[in-house]
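First comes the structure, then the notes that go with it.
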Amino acid sequence: MKILVINSGSSSIKYQLFEMPAAKVICTGLVERIGLEKAILTYKYLRGSELFEYKMEGNIANHTEGLKAVADLLVDDEKGVIQQPSEIDVVGHRVVHGGDNFVSTTLIDQEVKEKIRELFSLSPLHNPPNLLGIEVAEKIFAGAKQVAVFDTAFHQTMPAVAYRFPLPNELYTSGKVRAYGFHGTSHKYVSEQVTKHYGNPHLKMISIHLGNGCSMTAIANGKSVDHSMGLGPMNGLVMGTRAGDIDQTVIFYLVNQLGYTLDQVHDILNKKSGLMGLAGVSDMRDLKALIEKGDANAILAHQVYVYKVRKFIGSYIAVLNGVDVILFTGGIGENDSYTRDKICENLEGLNIALDTAKNSRHESGIREINANASTVKILVVPTNEEKEIAGQCYDLFN
């Protein structure tokens, strides 16, 4: 069974083609910096046992253009790995917000698409490109089954004390206003990898997913028990363009005193805040380039970013009554040793100590980066949401 996984993020598209059930990767790639200058498309593919890579830079204005470019490469005469789109049996899609409608992997039909659309207001940066990925894939791979895997599903194990807001009860009972949690596919995958790595299903973990979007999950016995995001994926940590946690009074002040409309405030909090708001750039690589030049705004932005992660580490240690493992994952979490170092700085009082030499190495796979004296294990764990999605899609039909 050939399963193509499409992971449409807020500014990127990850994709992998798997041969299941062996989970053999036939091709993999990434379209990043969508909508920014010099978007990058990477495409790695197998010919026999040899791995080839193709890369291009240029203007990719939106997700439609990005997905079409990927589809063209799959069937390209020279670089393609299939001869025609009908060879794809299943297309698995990461969908960020499933509300309380979807708690498991779901075959997509018109009703499912409409429910995903209804949740646009709660996930404006993600559900629209997620749905777009589905609609484009339906046209290109018309004979394939389309399947949705929801980021919110993993967090359905959170207890009410974690997901309920202290608001009037009717807002929960009739309006479903509660915390849902996100990045669940990633948090589930990496926590399961750690469980396998140590052979211990009872670990207390803090999973830190840092990318353009950022979130943290407290995990006990393999289950999500608390999470940094809430009703939508815009609160909690500082992100590329999202503010994370702020005082709610700010919203009323912007509207009532400064004359902003609610739509403008929504746009500010989602698209103009976070690193972008503090430093004028949303990509951590661009931020670090500014830091190296001594840019004061960039330096402060990184300090605020790190500070919020450290606060959540402390709170989740309290929630879990201790912690065995802190893991870093996501594009920044896996690749940015400088940010990991700053997050773990001065946490020795919590028995958390980083080994700077181990942290600075660039190695593949799961690796420990904690000092020998640290009673808490600190790990870098490469996420593979695409593999997790492919596995869930395969299990749905077998």
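The values are calculated or read from the model by the stated rules, or taken from the named source; none is laboratory data. Here the structure is a predicted model, which is why all the values come from computation and not from measurement. Every residue, glycine as well, gets a Cβ built from its backbone with ideal geometry; the counts of neighbours run over all protein chains shown.
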Checklist entry - Residue check: is S364 surrounded by fewer than 19 Cβ atoms within 10 Å (Cβ to Cβ) and under 30 Å from G92 (Cβ atoms)? => result yes
Checklist entry - Tell me, which residue of region 94-121 that is β-branched (V, I, T) and not in a strand (DSSP E or B) is surrounded by the fewest Cβ atoms within 10 Å (Cβ to Cβ)? => result V103
Checklist entry - With (1) of a type in the set (A, V, I, L, M); (2) surrounded by fewer than 17 Cβ atoms within 10 Å (Cβ to Cβ); (3) in contact (Cβ under 8 Å) with a residue 40 or more places away in the chain as the list, and A373 as the residue in question, which single condition is left unmet? => result (3)
Checklist entry - Cβ-Cβ below 7 Å, separation at least six or inter-chain, first residue in region 335-347 and closer than 16 Å to V381 by Cα, second of a type in the set (S, T, N, Q) and surrounded by 18 or more Cβ atoms within 10 Å (Cβ to Cβ): which pairs? => result S337/N359; R340/N359; D341/N359
Checklist entry - Is it true that some residue in region 49-59 is touching a residue at least 24 places away in the same chain (Cβ under 8 Å), crowded, with 19+ Cβ neighbours inside 10 Å and assigned by TED's automatic domain parsing to the domain that holds G133? => result no
Next on the checklist: Condition first: within 19 Å of L210 (Cβ to Cβ), surrounded by 14 or more Cβ atoms within 10 Å (Cβ to Cβ) and touching a His at 6+ places or on another chain (Cβ under 8 Å). Can you find one or more residues in region 289-302 that meet it?
Outcome noted: yes
Next on the checklist: Looking at G133 and the list (1) more than 17 Å from the chain's Cα centre (by Cα); (2) of a type outside the set (S, T, Y); (3) assigned by TED's automatic domain parsing to the domain that holds L74, which single condition is not satisfied?
Outcome noted: (1)
Next on the checklist: under 25 Å from K24 (Cβ atoms) and either surrounded by 20 or more Cβ atoms within 10 Å (Cβ to Cβ) or not assigned by TED's automatic domain parsing to the domain that holds P21 (or both): which single residue out of V177, V161, V91 fits that description?
Outcome noted: V91
Checklist entry - Quick one: would you say T249 is farther than 24 Å from A153 by Cα and under 16 Å from the mean Cα position of the chain (by Cα)? => result no
Next on the checklist: What's the total number of residues in region 269-280 that are surrounded by 21 or more Cβ atoms within 10 Å (Cβ to Cβ), within 24 Å of S123 (Cβ to Cβ) and either out of contact with any Ser or Thr (no Cβ under 6 Å at 6 or more places or on another chain) or not assigned by TED's automatic domain parsing to the domain that holds G232 (or both)?
Outcome noted: 2
Next on the checklist: For the structure I just gave you, tell me whether F150 is farther than 19 Å from E385 by Cβ and buried (at least 20 other Cβ atoms within 10 Å of the Cβ).
Outcome noted: no
Item to check | Selected residue (only one of L237, L254 is free of Cβ contacts under 8 Å to residues at least 24 places away in the same chain, of a type in the set (A, V, I, L, M), closer than 18 Å to G274 by Cα and surrounded by 16 or more Cβ atoms within 10 Å (Cβ to Cβ)) | outcome: L254
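Do we have N384 as surrounded by fewer than 23 Cβ atoms within 10 Å (Cβ to Cβ), more than 24 Å from the chain's Cα centre (by Cα) and of a type outside the set (S, T, Y) here?
Considered against the rule, which asks whether it is surrounded by fewer than 23 Cβ atoms within 10 Å (Cβ to Cβ), more than 24 Å from the chain's Cα centre (by Cα) and of a type outside the set (S, T, Y), N384 comes out as no.
Just the residues that are in a loop (DSSP other than H, G, I, E, B) and among the polar types (S, T, N, Q), please, taken from region 228-281.
Answer for region 228-281, where residues must be in a loop (DSSP other than H, G, I, E, B) and among the polar types (S, T, N, Q): S228, N235, T241, Q248, Q257, T261, S273.
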Checklist entry - Out of all the residues in region 73-95, is one or more on the phi > 0 side of the Ramachandran plot and either of a type in the set (A, V, I, L, M, F, W, C) or out of contact with any Pro (no Cβ under 8 Å at 6 or more places or on another chain) (or both)? => result no
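A quick yes/no check of all residues on (1) of a type in the set (S, T, Y); (2) in contact with a helix residue (DSSP H, G or I) (Cβ under 6 Å, 6 or more places away or on another chain); (3) not assigned by TED's automatic domain parsing to the domain that holds A279:
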position	(1), (2), (3)
A296	no, no, no
I313	no, no, no
N321	no, no, no
S360	yes, yes, no
E386	no, no, yes
